[in-house]
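A quick write-up on the structure given underneath.
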Amino acid sequence: MRRTIAISIAAAILEGCAIGPSTSVRPPTYPAPRVADSLPGGSARGFFDSLAAARARGDTGVPVIPAARPLVLDPSSDQAWLDVLGDSAVVRLVRQAVANNRDFQVATARVREYRALLGVARSDLFPQINLNGVASKNQVVFGSFGSLKYDVVRVTGDLSWELDFWGRIRRQTQAASFDLKGRQEDERAAVVSLVGDVVTAYLELRELDRAAEISQQTLESRRATLNLAQRRFAQGVISELDVRQFEAEAAASATRVADFARLRSEKEHQLNILLGEAPGPVIRGASLEQAVRSVQVPDSIPSTLLLRRPDVMRAERDLQAATARVGLAIGNMMPRVMLTGQYGRQHPGFDSLFAKANEVYVGQIGVSLPIFTGLRNENQVSAARARADQARSRYEQAVLQAFREGDDALVGLRLSRDQLTAQETQTQALARAYALAMQRYDNGISSYLEVLDSQRALFTAQLALVAQERQYLVQTVRLYRALGGSWTVEPGH
């Protein structure tokens, strides 16, 4: 008993020094992306804005886009970035999707699977105790001495425990732990992807809502113009050709209204699937214009945000697991110390089976050392090291990919902001041109062609503005995906 206790204490001390390379990972160092480093000339090029003064006064009704603000890491929540859009409806939709989406439930179930596998790997660190019972009738022959018959009833508790002197089992447990953490990163990646898909679909739906409104307004405007043209035709002021042209334009607008209604229903159904529900209406919140005013444009991305992306963290966990398995392979070449024992009762019958006199026990400690395995263990170590090298290369590639995507998303967001400003200017200019054309037409100065051209250009520009607003917000979602989590605006800026 003293010897067993001493061995157990020694094993516990030695377990703190697991064999094999360290599983700590030092990420490669790259400069944090900044938008000024990525744009031609170090900054975005300006454009001629004839309404700049009016825009500054707020006379045009164009929303003012917030200036760039620094970002800081917010480790408390992977969904805090939704506050940037300033739309409570988006938050409700995301929560519903996370609760009901089937693909995300698959990722969650996979985490539970690997958590159970970690428990399986960890179980080898503890003694394995089994209760065994057997009842048998036996007959043995001793040569010329004849045969011997006897009955045996045996009940024992068996102990088997490998003392992990070299940390082989600890490495096995570490590898399983890193596998679990990798699946947890997969689960987080599923959240990031799901949130991005839901928000993108919602923004596209809001774009279609606004496009349908613009089409309906354009249809009503063209119907009013058609009615005016019909009255003028009745008075003999204009020809029938003008009336038919206005009638054709009104019919074209009616076609666009129906088309946008169809696209809007299809987009709702797509969003329903992401939400894990049957096709039906989807709640609406803030308009695209309101969301544009809420978005904060970052001027740079902290490296800490990029290095905590789920794909980067998953690659890091895979590297750590592969490194731990190198130690496991090396441990297979070391001696194994096994502590085994058995304690119980044995008797020819069930009567008096548990009497003290029928006590049986055995305690053993054994050592097993591989001497010759045909280089099997050596090749297993080489294979484990090669897999670790592969995992390291994949990790470094994941880091490079994260920085590239982060830089692309940051540049795309900033330049999309410039595009939106230019598109707003164009729309306001065309709105003014259409008003002037209508005034000239009413006064008989210009023909219907000038009005139609102005109206068509304005309609196209209005749809393009809505699309650019949506694209600007989608670039925000893209940046969120590139960061792989949440961000928050630094207070005090």
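The values are calculated or read from the model by the stated rules, or taken from the named source; none is laboratory data. Everything quoted here is computed from the prediction, not taken from an experiment. Methodologically, a virtual Cβ is constructed for each residue, glycine included, from the backbone with ideal geometry; neighbour enumeration extends over all protein chains shown.
Per-residue answers, yes or no, for (1) assigned to a helix (DSSP H, G or I); (2) over 44 Å from the mean Cα position of the chain (by Cα); (3) not polar (S, T, N, Q):
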{"position": "LEU93", "(1), (2), (3)": "yes, no, yes"}
{"position": "ASP124", "(1), (2), (3)": "yes, no, yes"}
{"position": "SER136", "(1), (2), (3)": "no, yes, no"}
{"position": "SER144", "(1), (2), (3)": "yes, yes, no"}
{"position": "LEU148", "(1), (2), (3)": "no, yes, yes"}
{"position": "ARG171", "(1), (2), (3)": "yes, no, yes"}
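Restricting attention to region 190-239 and to residues that are in contact with a Lys or Arg (Cβ under 7 Å, 6 or more places away or on another chain) and of a type in the set (A, V, I, L, M), the residue that is farthest from LEU458 (Cα to Cα) turns out to be VAL192.
Conditions tested, residue by residue: (1) of a type in the set (Val, Ile, Thr); (2) surrounded by fewer than 22 Cβ atoms within 10 Å (Cβ to Cβ); (3) within 23 Å of the chain's Cα centre (by Cα).
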site: LEU263; (1), (2), (3): no, yes, no
site: GLY276; (1), (2), (3): no, yes, yes
site: VAL295; (1), (2), (3): yes, yes, yes
site: PRO302; (1), (2), (3): no, yes, yes
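Between GLY167, GLY182, GLY157, GLY119, the distinction of being of a type outside the set (S, T, N, Q) and on the phi > 0 side of the Ramachandran plot belongs to GLY167 only.
Of the numbered criteria (1) within 26 Å of the chain's Cα centre (by Cα); (2) crowded, with 20+ Cβ neighbours inside 10 Å; (3) modelled with pLDDT of 90 or more, the one GLU268 fails is (2). Here is the figure for region 402-414: residues that are crowded, with 17+ Cβ neighbours inside 10 Å and out of contact with any strand residue (DSSP E or B) (no Cβ under 8 Å at 6 or more places or on another chain) total 8.
Filtering region 337-385 to residues that are in a helix (DSSP H, G or I) and among the β-branched types (Val, Ile, Thr) leaves only VAL381.
A count restricted to region 421-451 and to residues that are polar (S, T, N, Q), under 20 Å from LEU228 (Cα atoms) and in a helix (DSSP H, G or I) stands at 1.
I'd like to check something: does region 171-181 contain any residue that is basic (Lys, Arg), within 30 Å of VAL381 (Cα to Cα) and modelled with pLDDT of 90 or more? Within region 171-181, one or more residues are basic (Lys, Arg), within 30 Å of VAL381 (Cα to Cα) and modelled with pLDDT of 90 or more. Screening ASP158, ASP151 for residues that are modelled with pLDDT of 90 or more and either more than 30 Å from ALA250 (Cβ to Cβ) or surrounded by fewer than 16 Cβ atoms within 10 Å (Cβ to Cβ) (or both) leaves exactly one candidate, ASP158. Do you know which of the residues in region 197-224 that are over 17 Å from LEU275 (Cα atoms) and among the charged types (D, E, K, R) is surrounded by the fewest Cβ atoms within 10 Å (Cβ to Cβ)? Filtering region 197-224 for residues that are over 17 Å from LEU275 (Cα atoms) and among the charged types (D, E, K, R), the one surrounded by the fewest Cβ atoms within 10 Å (Cβ to Cβ) comes out as GLU220.
Taking every residue in region 230-242 that is in contact (Cβ under 8 Å) with a residue 40 or more places away in the chain and among the charged types (D, E, K, R) and pairing it with any residue that is assigned to a loop (DSSP other than H, G, I, E, B) and surrounded by 11 or more Cβ atoms within 10 Å (Cβ to Cβ), at least 6 positions away or on another chain, the pairs with Cβ-Cβ distances below 9 Å are ASP242/SER447. Screening GLN397 on (1) at pLDDT 90 or above; (2) under 16 Å from VAL312 (Cβ atoms); (3) touching a Ser or Thr at 6+ places or on another chain (Cβ under 9 Å) shows it passes everything except condition (3). Against the test of being out of contact with any Lys or Arg (no Cβ under 7 Å at 6 or more places or on another chain) and either part of a helix (DSSP H, G or I) or in contact (Cβ under 8 Å) with a residue 24 or more places away in the chain (or both), the options ALA278, ALA321, ALA315 yield a single qualifying residue, ALA321. Once region 228-266 is narrowed to residues that are in contact with a Ser or Thr (Cβ under 6 Å, 6 or more places away or on another chain) and not polar (S, T, N, Q), the residue that is nearest to THR200 (Cα to Cα) is PHE260.
Looking at TYR343, TYR361, just one residue is in contact (Cβ under 8 Å) with a residue 12 or more places away in the chain, surrounded by 12 or more Cβ atoms within 10 Å (Cβ to Cβ) and of a type in the set (Ser, Thr, Tyr), and that residue is TYR343. Per the listing ARG440, ARG456, the residue uniquely within 15 Å of ILE214 (Cα to Cα), at pLDDT below 90 and of a type in the set (D, E, K, R) is ARG456. Just one of the listed residues (LEU82, LEU117) is surrounded by 16 or more Cβ atoms within 10 Å (Cβ to Cβ) and either at pLDDT below 90 or over 20 Å from ARG481 (Cβ atoms) (or both), namely LEU82.
Look at ALA248 and say whether it is aliphatic (A, V, I, L, M), at pLDDT 85 or above and more than 46 Å from the chain's Cα centre (by Cα). Yes; evaluated as a whole, the condition is true for this residue.
To keep it simple, each residue is scored yes or no on (1) of a type outside the set (Lys, Arg); (2) under 21 Å from ARG222 (Cβ atoms); (3) in contact with a His (Cβ under 9 Å, 6 or more places away or on another chain); (4) free of Cβ contacts under 8 Å to residues at least 60 places away in the same chain.
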{"residue": "ASP418", "(1), (2), (3), (4)": "yes, no, no, no"}
{"residue": "ALA422", "(1), (2), (3), (4)": "yes, no, no, no"}
{"residue": "THR425", "(1), (2), (3), (4)": "yes, no, no, no"}
{"residue": "ALA433", "(1), (2), (3), (4)": "yes, yes, no, yes"}
{"residue": "ASP453", "(1), (2), (3), (4)": "yes, yes, no, yes"}
{"residue": "PHE459", "(1), (2), (3), (4)": "yes, yes, no, no"}
{"residue": "VAL477", "(1), (2), (3), (4)": "yes, no, no, no"}
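Restricting region 466-476 to residues that are buried (at least 23 other Cβ atoms within 10 Å of the Cβ) and under 21 Å from the mean Cα position of the chain (by Cα) leaves a set whose member that is nearest to GLN428 (Cα to Cα) is TYR472.
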